[in-house]
1. T294 is checked against (1) in a helix (DSSP H, G or I); (2) free of Cβ contacts under 8 Å to residues at least 40 places away in the same chain and fails just one. What number does that condition carry?
2. In the range 91-122, what residues are aromatic (F, W, Y), closer than 23 Å to Q180 by Cα and either out of contact with any helix residue (DSSP H, G or I) (no Cβ under 6 Å at 6 or more places or on another chain) or outside any helix (DSSP H, G or I) (or both)?
3. Is it the case that A203 is part of a helix (DSSP H, G or I), touching a His at 6+ places or on another chain (Cβ under 8 Å) and assigned by TED's automatic domain parsing to the domain that holds P382?
4. Go through the range 423-448 and count every residue that is exposed (fewer than 14 other Cβ atoms within 10 Å of the Cβ) and touching a helix residue (DSSP H, G or I) at 6+ places or on another chain (Cβ under 7 Å).
5. Just wondering, is there one or more residues in the range 256-268 that are without any contact (Cβ under 8 Å) to a residue 60 or more places away in the chain and either farther than 22 Å from G393 by Cα or not charged (D, E, K, R) (or both)?
6. Has the range 331-351 got any residue that is closer than 17 Å to N244 by Cβ and charged (D, E, K, R)?
7. Looking only at the range 90-111, decide whether some residue is surrounded by fewer than 16 Cβ atoms within 10 Å (Cβ to Cβ) and of a type in the set (V, I, T).
8. Just checking, how many residues over the range 333-361 are at negative phi and surrounded by fewer than 16 Cβ atoms within 10 Å (Cβ to Cβ)?
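The values are calculated or read from the model by the stated rules, or taken from the named source; none is laboratory data. Computed from a predicted structure; not experimentally measured. Cβ placement follows ideal geometry from the backbone for every residue including glycine, while neighbour counts extend to all protein chains displayed.
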Amino acid sequence: MTNSKPVEEQTVKALSWQLLYGNYRPKLGKQGWEALETTVGAPEFRGMDPDEDCPMEPFNQAVLWIDETLGRGDGTLIEEITIASVERWASMFRNLVKQLQGRPQKMMEIFCTEVHPYFLNDPSASLIVASDENCFVLKMDNGLLESFKTGLVEGFCEIVGAEAKVIRRGDEYHVTWSIQEDTPAPSRWALFVNATRLPFLTASVIPVLVGTAIAWREGKLDLPAFLLALAGAALFHLGANVINDYFDHRSGADEANLTPTPFSGGSRVIQRGLFKPKQTLRLAAIVYALGALTGIGLIMRVGWPVALFGLAGFLAGYLYTAPPFRLVHRGVGELAVGAAFGPVILLGAYWVQTQRFSLEALVASLPIGLLVAAILYINEVPDRPWDQRAGKGTVVVRLPGNLLPLGYLLLVGVSYALILIGVILGWLAPAALLVILTLPIAWSAYRMLRRHQGHPYRLIPANAMTILIHLLAGMLLFWAYIGTGLVERVIGAG
């Protein structure tokens, strides 16, 4: 392997500099740090996004300067700096680290294919030569300090409970390890959370809460039916998450993705070797079966028409990536899922309580659904070049690049417009205007998308903010109806 970039053009992320500054500026003092900056020609990293690139050579010189100034120049502080870098990564990916305890081979594979190439912004920064349970061989042909390279390898083994020994032979690094006795077993719960993408459950919980709150305002609340509806929606949601990973693996879309983030590129459990495809399929079947059993219980309680809502939600989630329809490949998956997580679930939750249709519930469901579509939309932006390469024709792939921010603005903007129109026309409770409080967050996410649409990791805050918008808007709508109902009951009692 030969690096395509000369040393002068190789980079590290601004995050590496920011860690250096945070850890050693207090120890060096103001004058000491200024001397370092002058000596090595440090970039203006303090105002940078952590994912921006900085020249590698000044960073190397800064590390050496700190080792010589604060230490004995024997590499002790280089090891300390390396450990701090590894621990920072581990703090950001705690759930993944829990899954990899006692599995240094898998950790090294992820280090070579995801971590090291990202921090150096170079797909050729590391290469796997050989990988087995007892030994790992890699190449790291880049300009980082030699002790920094070996320190990274040792550190990434250590965070998963393995003590590593690294020997360089020519341009190869041979890694062997021993698992420490007190290393915990890999966390099955952490793997389940990752495989099902459990933190994203808010997308199905919110419409159930809002639909139930609208019914409660009208004096209807069947608590067992509510719990069954909530469990059913959640289980079908988790099943859709898992089955979509399976079909994205089958189509090659996730394998093609070289810049996965916590919000895009799938759960990566198949690509990282943590789950086999058949295990993923089996998990999806189990979760779907539990959802179906919950649905049967709900049918027995409130009647068969509720099955129509369940079937519509199931089909939208399953056919999102499943052949032959593969809705997301045809550019309609985002709106189909938005419809499922908006009108279908919210109206279903309302119907479970009242056994009737409601214009108010329908109007309330539309912005909720559009915000879910916005989550999918902005999560697809980092995947755009890889989806395009894999032939996955999402709406983001189909739109010209310069129109991507406008598409996001349209989805989010129409959501707020529907709330405003609904209140003006008397279709929604006036308190629903509380949703407008989330507008500044939406504007920040839009501006970030405009600025960083071509940079997957810089988009992570915008991805997170869009999920937050949906969560906060949904909860504000929920409490708007709970509050309105309470006020109306007090007035009625008076």
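1. Failed condition: (2).
2. Residue satisfying the conditions is F93 alone.
3. yes
4. Summing the residues that are exposed (fewer than 14 other Cβ atoms within 10 Å of the Cβ) and touching a helix residue (DSSP H, G or I) at 6+ places or on another chain (Cβ under 7 Å) in the range 423-448 gives 2.
5. For the range 256-268, residues without any contact (Cβ under 8 Å) to a residue 60 or more places away in the chain and either farther than 22 Å from G393 by Cα or not charged (D, E, K, R) (or both): present.
6. yes
7. no
8. Residues flagged as at negative phi and surrounded by fewer than 16 Cβ atoms within 10 Å (Cβ to Cβ) within the range 333-361 amount to 3.
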